[in-house]
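Undergrad: I'd like to ask some things about the structure below.
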Amino acid sequence: MNVEKLKKMKGKEKIVMVTAYDAPSARMAYDAGIDVILVGDSLGNNVLGYKNTIPVTMEEMIIHVAAVRRGAPEAFIVADMPFLSYQISIEKAVENAGTFLKVGANAVKIEGGEEFGDLVERLVNSGIPVMGHIGLTPQAVNRFGGYKVQGKTEGSRDYLVRSAKELEKRGAFAIVLELVVEDVAKEITESVSIPTIGIGSGKHCDGQVLVWHDLLGLNPDFSPRFSKKYVDLYSIVVEALKRFKEEVKNGVFPGEEHTFKS
């Protein structure tokens, strides 16, 4: 997979993207035939125990992007630019984005709309492919006042449509639409020539992305409406650990088949 192949999938074949944060997960995603692996800053919520994505650092993201690349050497990998890694200056953003490519990413993802047009153009001109991200942008959760669906007002709709067109104009190869009302997501998808990848934005997007821990049921305390739990791995893992505990306590494990003799 590469940027040009992804762009050509628009209108022909749905794009499938999942987040992954480590080598084993990356290998499983690649073996399942997933088109794009996103090393999301949702790493903060799902792996590092943070309340949201804001505390995630470049150093943490670099470690996990490199791990994902080692787990899936041939995969198409997008790295999330974490909070304050691209907002301070264009020069710093180019440096940080370039670091992600050096450790294994094929592209970076930036949250924000038309206000980041100059940055997107600079990154693309520097040889760094950019995936946009508009709608609910988790790094701006404090500005939004929570995780709220976007596109419900005329002003919000106009901003989202303008932003999608601006991101396309400046060279983005795809745009994530997060928690955008379905009719606006449809309008955006039809108004740009690059793929849209939805999360909580309806069926009309050119692709879909879900978070690893959500679709595999690894977080029993979080079941967002926009996601789908394809398996309850949390319960399966807890049950396996209980069985291990019971067998150790009762002297069943390790058995003869697990023991070495002189």
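Undergrad: Which condition number does V68 fail, the rest of (1) in contact (Cβ under 8 Å) with a residue 60 or more places away in the chain; (2) surrounded by 18 or more Cβ atoms within 10 Å (Cβ to Cβ) being met?
TA: (1)
Undergrad: Would you mind stating whether M1 is in contact (Cβ under 8 Å) with a residue 12 or more places away in the chain, in a loop (DSSP other than H, G, I, E, B), more than 24 Å from D221 (Cα to Cα) and hydrophobic (A, V, I, L, M, F, W, C)?
TA: Working: in contact (Cβ under 8 Å) with a residue 12 or more places away in the chain: yes; in a loop (DSSP other than H, G, I, E, B): yes; more than 24 Å from D221 (Cα to Cα): yes; hydrophobic (A, V, I, L, M, F, W, C): yes.
In short, yes.
Undergrad: Let me ask another. Given the criterion among the small types (G, A, S), modelled with pLDDT of 95 or more, under 23 Å from the mean Cα position of the chain (by Cα) and surrounded by fewer than 20 Cβ atoms within 10 Å (Cβ to Cβ), identify the matching residue among G198, G207, G171, G251. Walk me through how you get there before you give the answer.
TA: Values: G198 fails: surrounded by fewer than 20 Cβ atoms within 10 Å (Cβ to Cβ); G207 fails: surrounded by fewer than 20 Cβ atoms within 10 Å (Cβ to Cβ); G251 fails: under 23 Å from the mean Cα position of the chain (by Cα).
Result of the check over G198, G207, G171, G251: G171.
Undergrad: Could you pull out the residue among A164, A140 that is buried (at least 23 other Cβ atoms within 10 Å of the Cβ), in a helix (DSSP H, G or I) and of a type in the set (G, A, S)? Reasoning before the result, please.
TA: Details: A140 fails: buried (at least 23 other Cβ atoms within 10 Å of the Cβ).
Within the list A164, A140, the selection yields A164.
Undergrad: Follow-up question, since we're still on this one. Which condition number does Y159 fail, the rest of (1) buried (at least 20 other Cβ atoms within 10 Å of the Cβ); (2) aromatic (F, W, Y); (3) closer than 20 Å to S191 by Cα being met?
TA: That leaves (1) as the condition not met.
Undergrad: Please determine whether any residue of region 72-92 is surrounded by fewer than 18 Cβ atoms within 10 Å (Cβ to Cβ), touching a residue at least 24 places away in the same chain (Cβ under 8 Å), in a helix (DSSP H, G or I) and touching a Gly at 6+ places or on another chain (Cβ under 6 Å). Walk me through how you get there before you give the answer.
TA: Keep residues of region 72-92 that are surrounded by fewer than 18 Cβ atoms within 10 Å (Cβ to Cβ), which gives 73-74, 84, 87-92.
From what's left, touching a residue at least 24 places away in the same chain (Cβ under 8 Å): 74, 90.
After this cut, where a residue has to be in a helix (DSSP H, G or I) as well, the list is 90.
Checking the rest, the ones that are also touching a Gly at 6+ places or on another chain (Cβ under 6 Å) come to none.
No, the conditions are met nowhere in region 72-92.
Undergrad: Is it the case, given these coordinates, that A67 is in contact with a strand residue (DSSP E or B) (Cβ under 8 Å, 6 or more places away or on another chain), over 26 Å from F116 (Cα atoms), among the aliphatic types (A, V, I, L, M) and assigned to a helix (DSSP H, G or I)?
TA: Numbers: in contact with a strand residue (DSSP E or B) (Cβ under 8 Å, 6 or more places away or on another chain): no; over 26 Å from F116 (Cα atoms): yes; among the aliphatic types (A, V, I, L, M): yes; assigned to a helix (DSSP H, G or I): yes.
Judged against the criteria, A67 is not a match.
The values are calculated or read from the model by the stated rules, or taken from the named source; none is laboratory data. The shown structure was predicted, so the numbers you read here are calculated from the model rather than taken from an experiment. Note that each Cβ is placed from the backbone with ideal geometry, even for glycine, and that neighbours are counted across all protein chains shown.
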